[in-house]
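Enquirer: Sending over a structure as structure tokens; questions will come in a sec.
The values are calculated or read from the model by the stated rules, or taken from the named source; none is laboratory data. Being a predicted model, the structure only gives us computed values, none of them experimental.
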Amino acid sequence: MEGVEEILVPGESEMRARERSLRDGVPLRPSTYHALLTYARKAGLTTDLVVVG
């Protein structure tokens, strides 16, 4: 096909996304991050979420 640089097999894009998440962490919107912190505090969890990057 014209303009195609690579062909992916089924599941390959998901595998790449998983590898990226394991390497770089999972990106969160600021509102999601704050909601998780609020929930953790209400649940009595003392560990803060760590911002990576």
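Enquirer: Residue 5 - would you say it is assigned to a loop (DSSP other than H, G, I, E, B) and at pLDDT 85 or above?
Expert: Details: assigned to a loop (DSSP other than H, G, I, E, B): yes; at pLDDT 85 or above: yes.
So residue 5 fits the description; yes.
Enquirer: What residue, among those in the stretch 34-53 that are part of a helix (DSSP H, G or I) and of a type outside the set (Phe, Trp, Tyr), is modelled with the highest pLDDT?
Expert: Within the stretch 34-53, the subset part of a helix (DSSP H, G or I) is 34-42.
Next, from what is left, pick out any that are of a type outside the set (Phe, Trp, Tyr): 34-38, 40-42.
Details: 34: 86, 35: 89, 36: 86, 37: 85, 38: 89, 40: 87, 41: 88, 42: 92.
Ranking the qualifying residues of the stretch 34-53, first place goes to 42.
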